[in-house]
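The values are calculated or read from the model by the stated rules, or taken from the named source; none is laboratory data. The model shown is predicted, which means the values in this text are computed figures rather than measured ones. As a convention, Cβ positions derive from the backbone with ideal geometry for all residues, glycine included, and neighbour counts pool all protein chains shown.
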C-alpha cells in the first residue's frame with residue numbers, strides 16, 4: 001500500500017537551550033557539597049501535529065532543554081488518482097497523511113535530539129546505560145497528537161489498508177448524513193448519539209472515518225469478512241499508531257515486497273480516554289467502547305454485504321470491538337508501554353535513543369494544551385491557535401451537556417482517579433487560513449508578514465473572510481458552508497485580505513467563547529492562549545478587543561508538548577501532584593481590551609452577516 005518512493009526531504013530543526021544545558025551539566029557533575037548528586041530527571045514529549053512533529057525534553061524544574069521539529073508531506077488526492085478504493089467521484093476536500101511519513105518525522109526528531117545533545121556532552125543514548133556519566137536520565141515520554149485522524153492496518157502482515165484520513169478531511173460529510181439517516185428512528189438528528197458520546201454525528205470524528213474506510217477499501221472489507229483475518233484488523237488514531245510503532249519490533253526485510261513499508265509487530269495497542277472520546281464509539285460515563293454506538297455508526301455499512309457471516313458464523317455486522325479497537329487507558333499512567341529504541345544513525349552502530357523508556361502519558365493535543373496551561377480547576381479555559389482553533393474549558397468530574405454546538409469531551413484522567421471532563425469548541429481553519437494565503441493565493445511569503453500587513457490598514461473597511469473551506473465546525477456544525485469573502489470594494493488591498501484572515505480567527509474564537517459561557521453559566525474573566533499565532537501581536541490584541549477580556553500568553557508557548565511531558569512525569573513521580581505543575585506555569589504577556597463597545601458590536605454584527613452568506617452553499621448528499 002505504501003511503497004518507498006521519492007519524498008520531499010524535510011529538515012529537522014533542533015534547538016537546545018544552552019543555559020539549561022549548561023546548568024544541567026554543571027549541577028549533575030559537580031554538586032556543591034562534593035557528594036554524588038541524585039540522578040537528574042528529564043521528561044520527553046512527542047507532539048505530533050497536522051503538519052509537523054516535534055520532540056522536546058523538559059527538566060524536572062519545568063525548563064525546556066531542547067526541541068526538535070520536522071515537517072512532513074500533506075496529501076490532497078486528485079480526482080481519478082484513487083484507484084485502490086471503491087468510491088468514485090470528486091476528491092475535493094480530501095486530506096490524507098502517509099502514516100509512515102508521520103512515524104519517520106517522529107523518529108527523526110527523537111534521533112536528532114539525542115545526537116545533538118551527545119555532541120554537546122550529554123549522552124542520553126543506550127550507550128550511556130540509561131544513567132550516564134552526567135547522571136542525567138530520561139524518566140518517561142508522553143505522546144500528544146492530532147486527534148481524530150484515523151489509521152488502519154493489519155497487525156499480522158504489517159500492511160496499511162489506506163492512508164491516514166486527517167481530522168479536517170471533508171469526504172465524510174456525506175457519510176455523517178448517511179449515518180444520521182440510518183439512525184432516524186432515534187430522535188435528535190445529528191445529536192442522536194450526543195447523550196452517550198457528547199458529540200454530534202459529524203465528519204470531524206474518527207467513527208465516520210472508520211465507516212468510510214470499511215465502505216470503500218476492498219481489502220479491508222474482505223478482511224473484516226474473513227474469520228481468520230478479521231481479528232488482525234487494527235483501527236487507531238495517531239497516538240495508537242505511534243505507541244504501536246514505538247513499542248513494537250521492526251519486521252524482517254524478508255517480509256517486505258517491492259520495498260513496501262510495514263508496520264512493526266508486537267506493539268502495544270492502546271489509546272487514552274481523551275482520544276477515545278473523539279471517536280463517536282466511547283460512552284462518556286463508562287469510559288469504554290460501546291457496542292451500541294459502534295453499531296449505530298458502522299452497522300449500516302455495505303461492508304457486511306460482502307461476507308457469508310463471520311465470527312464463527314454469527315453473521316456479525318459491525319467491527320470486532322475486542323480486537324479492532326485499542327484498549328482505553330488513563331491519560332497519565334506509568335503502565336502504558338515501553339519504547340524499544342530508536343536508531344541513531346549518526347552515533348555508533350546499534351546505539352538507540354529512548355531504549356526501555358516508559359511511555360507515561362497519552363493526551364489528545366487540545367487536552368494536552370489544557371494540561372500544559374495548568375487548567376486543573378473547573379471554569380479554567382484555554383484557546384490554542386494551530387492549524388485549527390480550539391477553545392476548551394475544564395468542567396470537573398461530571399460531563400456537562402451542550403445545547404449550543406459545543407463538544408462534551410474527556411479532558412484527562414490520572415491513573416487511579418476519575419476522569420476530568422471539558423467543554424470544547426473546535427474550529428477547522430485558523431493557522432491553515434494563513435497557510436492558504438501563502439501557498440494557494442501567494443499573497444504572502446511567510447506568516448510573519450501578516451502582522452505588519454494587518455497594521456498597515458486602519459480597519460477591515462467592511463470586508464470579512466469566512467474560512468469555511470470544509471464547512472463550519474463549532475458552534476454551527478454546517479457541512480454545507482463554504483469559504484467566502486464578502487463586503488469587497490475596489491478600494492480593498494492585499495493588506496485588507498490578510499487582516500480579514502487574521503480577524504476571522506478571533507471572530508470564530510468569540511463564537512465558541514460566547515457559547516461556552518451560555519452553556520456553562522460560567523463567566524470567563526480571562527483567556528489563556530497558546531500556539532504559534534500568539535506571536536502575532538495584532539491578532540492577540542484584536543482577540544482581547546473582540547472578547548472584551550484579557551488574553552494571557554504563557555512563558556512557554558509549546559503548551560501541548562509541555563502538557564504531555566507533565567502528564568508523563570506525573571505518572572512516574574517526577575512531580576508529586578498537580579500543584580507542583582501549576583507552580584511551573586508563568587505568564588509572559590497580557591493583552592487587555594481597548595476597543596470601545598460600539599465598534600466591537602459593529603464588527604461582530606458584520607461577521608455574523610458574513611457567516612450567513614457562507615451557508616447553504618453546497619448540497620450534502
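Per-residue answers, yes or no, for (1) at pLDDT 95 or above; (2) surrounded by fewer than 24 Cβ atoms within 10 Å (Cβ to Cβ):
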{"position": "208", "(1), (2)": "yes, no"}
{"position": "243", "(1), (2)": "yes, no"}
{"position": "250", "(1), (2)": "no, yes"}
{"position": "267", "(1), (2)": "yes, yes"}
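The requirement of being part of a loop (DSSP other than H, G, I, E, B), surrounded by fewer than 17 Cβ atoms within 10 Å (Cβ to Cβ) and at negative phi is fulfilled nowhere in region 462-476; no residue meets it.
If only residues of region 382-408 that are in contact with a strand residue (DSSP E or B) (Cβ under 6 Å, 6 or more places away or on another chain) and under 21 Å from residue 503 (Cα atoms) are counted, the one that is surrounded by the most Cβ atoms within 10 Å (Cβ to Cβ) is 383.
In this structure, does residue 545 turn out to be crowded, with 18+ Cβ neighbours inside 10 Å and either modelled with pLDDT of 95 or more or not assigned by TED's automatic domain parsing to the domain that holds residue 432 (or both)?
The answer is yes for residue 545.
Output the residues belonging to region 269-289 that are surrounded by fewer than 24 Cβ atoms within 10 Å (Cβ to Cβ) and either without any contact (Cβ under 8 Å) to a residue 60 or more places away in the chain or on the phi < 0 side of the Ramachandran plot (or both). Result: 269, 270, 283, 284, 285, 286, 288, 289. The residues of region 570-594 that are surrounded by 15 or more Cβ atoms within 10 Å (Cβ to Cβ) and either under 25 Å from the mean Cα position of the chain (by Cα) or farther than 20 Å from residue 390 by Cβ (or both), listed by number, are 570, 571, 572, 574, 575, 578, 580, 581, 584, 585, 593. Go through the residues of region 92-112 one by one and say whether even a single one is out of contact with any strand residue (DSSP E or B) (no Cβ under 9 Å at 6 or more places or on another chain), at pLDDT below 90 and over 24 Å from residue 44 (Cα atoms). Scanning region 92-112, I find at least one residue that is out of contact with any strand residue (DSSP E or B) (no Cβ under 9 Å at 6 or more places or on another chain), at pLDDT below 90 and over 24 Å from residue 44 (Cα atoms), so the answer is yes.
Among the conditions (1) under 23 Å from residue 511 (Cα atoms); (2) touching a helix residue (DSSP H, G or I) at 6+ places or on another chain (Cβ under 7 Å); (3) surrounded by 13 or more Cβ atoms within 10 Å (Cβ to Cβ), the only one that residue 610 does not satisfy is (2).
Listed here are the residues, each with its yes/no results for (1) surrounded by fewer than 20 Cβ atoms within 10 Å (Cβ to Cβ); (2) part of a helix (DSSP H, G or I).
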| position | (1), (2) |
| --- | --- |
| 481 | no, no |
| 524 | yes, no |
| 534 | no, yes |
| 540 | no, yes |
| 568 | no, yes |
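Exactly one residue among 140, 111, 170 is within 26 Å of the chain's Cα centre (by Cα), under 30 Å from residue 423 (Cα atoms) and not assigned by TED's automatic domain parsing to the domain that holds residue 277, and that residue is 140. Residue by residue through region 376-405, note down the ones that are free of Cβ contacts under 8 Å to residues at least 40 places away in the same chain, over 28 Å from residue 169 (Cβ atoms) and touching a helix residue (DSSP H, G or I) at 6+ places or on another chain (Cβ under 7 Å). Scanning region 376-405 gives a single hit, 394. Among the residues here, residue 411 does not qualify as in contact with a helix residue (DSSP H, G or I) (Cβ under 7 Å, 6 or more places away or on another chain), farther than 21 Å from residue 167 by Cβ and surrounded by 20 or more Cβ atoms within 10 Å (Cβ to Cβ).
Across region 551-566, the qualifying residues are those that are in contact (Cβ under 8 Å) with a residue 40 or more places away in the chain and out of contact with any helix residue (DSSP H, G or I) (no Cβ under 6 Å at 6 or more places or on another chain), and the one among them that is nearest to residue 415 (Cα to Cα) is 565. Of all residues in region 590-614, those being in contact with a strand residue (DSSP E or B) (Cβ under 6 Å, 6 or more places away or on another chain) and modelled with pLDDT under 95 number 0. Output the residues belonging to region 542-566 that are in a helix (DSSP H, G or I) and within 29 Å of residue 601 (Cβ to Cβ). Scanning region 542-566 gives 542, 543, 544, 545, 546, 547.
Note on region 148-173: residues that are in a loop (DSSP other than H, G, I, E, B) and under 13 Å from residue 234 (Cβ atoms) amount to 7. With respect to the conditions (1) modelled with pLDDT under 95; (2) not in a helix (DSSP H, G or I), residue 303 lacks only one, and its number is (2).
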